[in-house]
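Chemist: First the structure, then my questions, so here it is.
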Amino acid sequence: MNLLIHQFKKDILRTRVVLGLWLLLVVVQFALVGWNLKPGDALMQSLFPMLSGLLIFFNYLLVLVLVPLLVHQEPLVGTTAFWFTRPLSRATVLASKALFVFLLIALPILAQSIVFLANGVTLHDVALAVPELIISNLSWILIIASLSVLTPNFARFAIIGASVLIIWFLSLFVLQLVLMMRNPQGYVSTLASLTSSRDLVFSLITLGFGCAVVLLQYLTRRFALALALTVAGAILGLLAMYLWPWDFLKPPIDLVQDSGFKADSVGAKLASPFQTVDQGSIRGGTPLKQVYANFNFKGCPKGYIIKIGAIDSVLKSPDGRTIPLQPAGNRMTSSGDIDPDAVELGLGGVPVLNMGNIYPGIRQPLVELDAETYGRYASKPLDYSARVDCTAYKYVAVTELPLTKGARFDRGSEHLIVTDVLDQPNGVDFLLRQKNVRLLFAPRGPDKNAYEQDQGSVIYVLLNKARHQAVMQKFNNTFNFSMEGNGILLNQPLRISFGPDDVNANARGWLTPQLDKAWLADAVLVRLELSPVATFTQTLAIPGFRLDGNFVLPDGRRQPRVADLDTLDQITLPHDATREQVRTYITDILTASRRLDRQDDHDPQIDMLEKVGAENVDLLIQMARDNHNYYLNRAINALAQPDHKEMVVEALATNYDLIDTIIDHGWQNDAKATILAVFAESKPNTGSYPNSWVLALASLKDPSTYDALKNYYINNPSDEVFKALQSLPNFDMAGAVDAAWKQTRNGQIWRVREVLQPAAQFGEPDAIEVAIKMLKSKQDEYGRQRASKVLKQYTPATGATDADLIAWYESNKANLVFDPPSGKFVIRPQAAPTAPLKTGP
């Protein structure tokens with residue numbers, strides 16, 4: 001024992017410089033993990049990941065130097081090692097080295113455990129983290145030790161180590177290349193848990209073969225056998241990293257018990273439109289074709305979200321042959337959109353006032369195939385069938401925090417602390433600190449591949465129970481960084497903001513209440529987590545399926561969402577209502593009418609809002625200033641009086657739909673400055689504005705606006721705009737029609753219809769030819785009617801049927817020219833008109 005202690009002290013003494021640097025680095029590294037940065041300190045948050053990464057790299061680098069220095073004090077290769085002649089048994093030398101390695105492993109684990117406990121990690125989770133740390137640290141040490149016991153000195157270790165490193169990475173590259181060529185989709189979509197399982201198997205192989213090599217060299221010095229074990233371990237580890245099939249670390253799905261969702265009553269349906277996109281091939285060359293469709297789930301209760309995992313698709317040709325498809329990888333749909341109904345269900349039915357958007361549903365790739373196969377079968381009816389793995393989720397409120405500094409939520413090793421509350425203009429920001437652990441042997445959360453984000457799994461909502469209102473957090477100003485130590489301890493500062501969004505760019509802010517002190521006094525901060533409630537499998541069978549999407553799906557459309565009349569009936573305006581009661585009345589109507597698929601002038605909400613009277617139009621205008629709400633604007637239009645003109649014009653700058661009120665009341669000249677300013681700033685020639693804006697601008701008859709009007713018509717031709725522009729003095733209508741025709745004549749059919757009559761009126765040379773093509777088309781009845789009208793109005797063509805008109809054109813097209821004075825196409829004078837061919841008996 002004395003000799004063992006003496007040998008251990010000697011090892012420490014001879015490596016004291018490197019060992020001291022390593023100990024200092026261990027202390028700094030794990031102290032940094034427990035360092036609590038201020039949530040609002042964006043500069044230090046951005047620097048932290050870089051500093052943490054450097055410290056981890058330096059730690060590995062020092063171990064890379066320390067282990068061979070330790071082993072080569074008594075080298076195991078060669079015949080010149082003098083320690084063989086000393087009274088040292090091989091077991092004693094091995095024991096002293098093992099004691100030193102124990103120091104390299106125990107000290108970091110001890111330091112990290114102290115940091116874990118200081119950050120509120122439970123003893124249970126610390127115990128689960130220890131074996132993970134042992135495996136991680138010891139496998140790296142044994143890789144270095146295996147090379148060290150096979151080399152006589154550090155110089156040889158460095159040369160051989162560099163060579164092995166090059167061979168290793170070249171082998172990785174070759175193996176990855178082979179796997180990507182065989183199954184690109186499966187390679188890039190490997191689940192995180194399978195990657196973790198493979199990494200653990202690699203570490204265990206490293207431990208087993210590394211221990212065998214070190215023991216073999218110290219106890220027997222059988223170099224050839226040790227070298228063979230090293231090579232075998234490297235090959236097996238390399239294969240395990242990419243080929244190990246058993247995903248034994250896949251996290252279990254902990255279902256939330258919920259009687260409100262019954263998987264047996266849910267049926268999966270595909271919905272139009274189908275879309276085909278080019279998917280860039282990982283190997284380059286011709287892109288693959290990926291066919292997308294929207295999923296509807298009939299019978300799914302409102303407020304539940306269904307996510308799709310694996311889709312096992314089969315596509316068969318009419319003769320029964322299976323069409324080859326690209327292998328589908330593992331995937332779980334994830335969207336940046338959050339379902340408002342799901343959030344409100346998690347809040348017990350409290351309406352979230354700043355979520356006006358409708359959840360778009362699930363858009364999912366069905367099949368992926370090469371371009372040649374797609375081209376061969378795109379327009380043919382096929383038989384499609386699929387097995388679809390589904391998981392249903394709902395939001396669960398896990399905590400309600402008071403809006404005060406120091407409020408906290410604790411759940412095992414997870415801790416959420418409000419570090420500060422910041423007042424903002426008509427809003428509030430919360431600075432939070434979130435601490436948690438990510439353990440290899442206690443995996444939690446949804447299983448994702450590396451290319452998918454876990455968006456929307458945790459959200460924050462301000463809930464005012466007294467007013468029965470809630471407000472969703474903003475997503476436009478986050479600057480949060482994750483602070484991790486060895487991938488286990490998560491120490492993350494968060495900044496969560498509430499308040500009005502830029503409503504012109506984001507419709508989520510359409511009904512946000514004023515978050516003043518009175519509103520916030522009764523509010524709490526609610527954390528919602530997306531939790532699974534059921535897993536189930538759906539089957540699809542679609543005969544007549546076409547890859548190009550040109551087929552009709554039975555029951556393939558979602559039922560439109562309309563307002564609940566019973567809810568509207570419960571909203572009443574008190575007699576002699578106060579201003580606050582009127583405001584509440586308006587808000588209740590808008591809340592009950594949010595997220596509807598359609599609105600029209602016959603909806604009861606308009607009459608209900610008109611009951612507030614002209615004396616409260618200013619409240620309607622105030623709420624409509626940042627609120628593009630159909631019912632509000634209709635009520636304003638009906639109730640507005642001349643003394644409201646200034647308010648309407650001012651609100652027009654942010655609520656563009658009020659242009660209808662401006663036109664109906666003849667206030668265009670009063671709104672001229674606003675209209676011109678909006679056009680100059682936003683360039684509505686892209687078509688993002690309704691035609692009402694163009695009509696209002698045209699009514700000003702201001703030559704300075706002609707270029708904007710011309711550009712708008714070129715990009716958005718319509719009969720209504722054409723008629724308005726024709727009345728403008730000195731407007732280049734011919735140039736606008738010419739440019740619009742050249743841009744649209746080979747484009748979408750509805751655009752061609754809109755420009756066909758102006759093109760014929762202004763003598764575009766191929767206008768009549770395009771009209772004939774539309775007559776021959778069997779897919780556009782409205783287009784055929786428009787073409788027939790153009791031919792009869794702008795040519796001398798005669799005939800009772802489309803076939804007669806086509807025959808007349810074929811007989812006279814060579815002599816057909818445009819006559820500017822008459823504004824029609826005529827037959828050249830030297831040529832006599834040809835009678836139409838008989839098409840009937």
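Chemist: Name every residue in region 1-20 that is free of Cβ contacts under 8 Å to residues at least 24 places away in the same chain, more than 58 Å from the chain's Cα centre (by Cα) and open to solvent by less than 80 Å² (accessible area, probe 1.4 Å), in order of residue number. Show your work before the answer.
Modeler: We begin by selecting, within region 1-20, every residue free of Cβ contacts under 8 Å to residues at least 24 places away in the same chain; these are 1-2, 5-6, 9, 13, 16-17, 20.
Of the ones still in play, those that are also more than 58 Å from the chain's Cα centre (by Cα) are 1-2, 5-6.
Across region 1-20, the qualifying residue is only I5.
Chemist: Ok, one more. State all residues of region 581-595 that are under 40 Å from the mean Cα position of the chain (by Cα) and not in a loop (DSSP other than H, G, I, E, B); if no residue qualifies, say none.
Modeler: V582, R583, T584, Y585, I586, T587, D588, I589, L590, T591, A592
Chemist: Regarding S52, is this residue modelled with pLDDT under 85, among the polar types (S, T, N, Q), open to solvent by less than 80 Å² (accessible area, probe 1.4 Å) and assigned to a helix (DSSP H, G or I)?
Modeler: Considered against the rule, which asks whether it is modelled with pLDDT under 85, among the polar types (S, T, N, Q), open to solvent by less than 80 Å² (accessible area, probe 1.4 Å) and assigned to a helix (DSSP H, G or I), S52 comes out as yes.
Chemist: So is R598 in a loop (DSSP other than H, G, I, E, B), touching a residue at least 60 places away in the same chain (Cβ under 8 Å) and not hydrophobic (A, V, I, L, M, F, W, C) or not? So that I can check it myself, show each step before the final result.
Modeler: Details: in a loop (DSSP other than H, G, I, E, B): yes; touching a residue at least 60 places away in the same chain (Cβ under 8 Å): no; not hydrophobic (A, V, I, L, M, F, W, C): yes.
Spelling it out, it is not the case that R598 is in a loop (DSSP other than H, G, I, E, B), touching a residue at least 60 places away in the same chain (Cβ under 8 Å) and not hydrophobic (A, V, I, L, M, F, W, C).
Chemist: Okay, moving on. Quick one: in region 411-425, which of the residues that are among the β-branched types (V, I, T) and touching a residue at least 60 places away in the same chain (Cβ under 8 Å) is least open to solvent (accessible area, probe 1.4 Å)?
Modeler: If we take residues in region 411-425 being among the β-branched types (V, I, T) and touching a residue at least 60 places away in the same chain (Cβ under 8 Å), then V418 is least open to solvent (accessible area, probe 1.4 Å).
Chemist: Would you please list the contacts, defined by Cβ atoms under 6 Å and residues six or more apart or on different chains, that run from a residue in region 606-622 that is closer than 17 Å to I662 by Cα to a residue that is of a type outside the set (A, V, I, L, M, F, W, C)?
Modeler: Once the first residue is closer than 17 Å to I662 by Cα and sits in region 606-622, its partners that are of a type outside the set (A, V, I, L, M, F, W, C) give A614/Q641; V617/H644.
Chemist: Within region 288-324, take every residue that is under 21 Å from F551 (Cα atoms) and aliphatic (A, V, I, L, M) and give me the one that is surrounded by the fewest Cβ atoms within 10 Å (Cβ to Cβ).
Modeler: Filtering first and then ranking leaves V314.
Chemist: Condition first: among the small types (G, A, S) and exposed (fewer than 12 other Cβ atoms within 10 Å of the Cβ). Now tell me which residues in region 229-279 satisfy that.
Modeler: S259, G260, S265
Chemist: From the set of residues in region 550-574 that are among the charged types (D, E, K, R) and either at pLDDT 85 or above or out of contact with any strand residue (DSSP E or B) (no Cβ under 8 Å at 6 or more places or on another chain) (or both), which is nearest to A592 (Cα to Cα)?
Modeler: Going through region 550-574, the residues among the charged types (D, E, K, R) turn out to be 555, 557-558, 561, 564, 566, 569.
Those left that are additionally either at pLDDT 85 or above or out of contact with any strand residue (DSSP E or B) (no Cβ under 8 Å at 6 or more places or on another chain) (or both): 561, 564, 566, 569.
On the way: R561: 12, D564: 7, D566: 10, D569: 10 Å.
Per the stated criteria, the residue is D564.
Chemist: Next question. All but one of (1) touching a helix residue (DSSP H, G or I) at 6+ places or on another chain (Cβ under 9 Å); (2) closer than 23 Å to L23 by Cα; (3) of a type in the set (A, V, I, L, M, F, W, C) hold for L110; which doesn't?
Modeler: For L110, the exception is condition (1).
Chemist: Within region 773-795, which residues are open to solvent by less than 60 Å² (accessible area, probe 1.4 Å) and within 17 Å of Q761 (Cβ to Cβ)?
Modeler: Restricting attention to region 773-795, the residues satisfying the condition of being open to solvent by less than 60 Å² (accessible area, probe 1.4 Å) are 774-775, 777, 780, 783-784, 786-788, 790-791, 794-795.
Correct list: M774, R786, A787, S788, V790, L791, Y794, T795.
Chemist: Also: Out of the residues in region 105-123 meeting the condition of being in contact with a Gly (Cβ under 8 Å, 6 or more places away or on another chain) and assigned to a helix (DSSP H, G or I), tell me which one is least open to solvent (accessible area, probe 1.4 Å).
Modeler: Q112
Chemist: A further question on this structure: State the number of residues belonging to region 380-430 that are closer than 26 Å to N491 by Cβ, part of a strand (DSSP E or B) and not aliphatic (A, V, I, L, M).
Modeler: 15
Chemist: I need the full set of residues from region 708-744 which are out of contact with any Lys or Arg (no Cβ under 9 Å at 6 or more places or on another chain), open to solvent by 10 Å² or more (accessible area, probe 1.4 Å) and either free of Cβ contacts under 8 Å to residues at least 24 places away in the same chain or more than 16 Å from Q757 (Cα to Cα) (or both), in order please.
Modeler: Answer for region 708-744, where residues must be out of contact with any Lys or Arg (no Cβ under 9 Å at 6 or more places or on another chain), open to solvent by 10 Å² or more (accessible area, probe 1.4 Å) and either free of Cβ contacts under 8 Å to residues at least 24 places away in the same chain or more than 16 Å from Q757 (Cα to Cα) (or both): K710, N715, K723, Q726, N730, K742.
Chemist: For region 798-824, what are the residues that are open to solvent by less than 40 Å² (accessible area, probe 1.4 Å) and closer than 19 Å to V752 by Cβ?
Modeler: L805, I806, Y809
Chemist: Does L177 count as more than 25 Å from F30 (Cβ to Cβ), open to solvent by 20 Å² or more (accessible area, probe 1.4 Å), out of contact with any Pro (no Cβ under 9 Å at 6 or more places or on another chain) and not β-branched (V, I, T)? Full working, then the answer.
Modeler: Working: more than 25 Å from F30 (Cβ to Cβ): yes; open to solvent by 20 Å² or more (accessible area, probe 1.4 Å): yes; out of contact with any Pro (no Cβ under 9 Å at 6 or more places or on another chain): yes; not β-branched (V, I, T): yes.
Yes.
Chemist: Here's a follow-up. If T206 passes every condition in (1) under 28 Å from L249 (Cβ atoms); (2) modelled with pLDDT under 90; (3) crowded, with 19+ Cβ neighbours inside 10 Å; (4) not acidic (D, E) but one, which one does it miss?
Modeler: The single condition T206 does not satisfy is (2).
Chemist: Report those helices (runs of 4 or more DSSP H) wholly inside region 634-700 carrying at least 3 residues which are modelled with pLDDT of 80 or more and open to solvent by 40 Å² or more (accessible area, probe 1.4 Å). First the steps, then the outcome.
Modeler: Values: elements: 645-652, 659-664, 672-682, 691-699.
Because the criterion is at least 3 residues that are modelled with pLDDT of 80 or more and open to solvent by 40 Å² or more (accessible area, probe 1.4 Å), the helices (runs of 4 or more DSSP H) in region 634-700 that meet it are 645-652, 659-664.
Chemist: Select from region 701-733 the residues that are assigned to a helix (DSSP H, G or I) and in contact with a Gly (Cβ under 9 Å, 6 or more places away or on another chain) and list them in ascending order.
Modeler: K710, Y712, N715
Chemist: Take region 226-259 and flag every residue that is of a type outside the set (A, V, I, L, M), closer than 23 Å to L175 by Cα and either without any contact (Cβ under 8 Å) to a residue 12 or more places away in the chain or in a helix (DSSP H, G or I) (or both).
Modeler: Once the filter is applied, which keeps residues that are of a type outside the set (A, V, I, L, M), closer than 23 Å to L175 by Cα and either without any contact (Cβ under 8 Å) to a residue 12 or more places away in the chain or in a helix (DSSP H, G or I) (or both), region 226-259 yields T230, G233, G237, Y242, P245.
Chemist: Quick check on this structure: which one of R198, R182 is modelled with pLDDT of 90 or more and under 30 Å from A310 (Cα atoms)?
Modeler: Step by step, each of R198, R182 is checked, and only R198 is modelled with pLDDT of 90 or more and under 30 Å from A310 (Cα atoms).
Chemist: Here's another thing I want to ask about it. Check whether at least one residue in region 260-279 is more than 26 Å from the chain's Cα centre (by Cα), part of a loop (DSSP other than H, G, I, E, B), of a type in the set (D, E) and farther than 30 Å from I167 by Cα, and report yes or no.
Modeler: Looking for residues that are more than 26 Å from the chain's Cα centre (by Cα), part of a loop (DSSP other than H, G, I, E, B), of a type in the set (D, E) and farther than 30 Å from I167 by Cα, one finds none in region 260-279, hence no.
Chemist: Would you point out the residue of region 762-799, among those that are in a helix (DSSP H, G or I) and aromatic (F, W, Y), that is modelled with the highest pLDDT?
Modeler: Within region 762-799, the match that is modelled with the highest pLDDT is Y794.
The values are calculated or read from the model by the stated rules, or taken from the named source; none is laboratory data. None of these values were measured; they are calculated from a predicted model. Quick reminder, even Gly has a Cβ in these numbers, built from the backbone with ideal geometry, and neighbours come from all protein chains shown. Note: accessible area is taken over every heavy atom of the protein model, side chains too, but ligands, DNA and RNA are not part of it. Shrake-Rupley method; radii C 1.70, N 1.55, O 1.52, S 1.80 Å.
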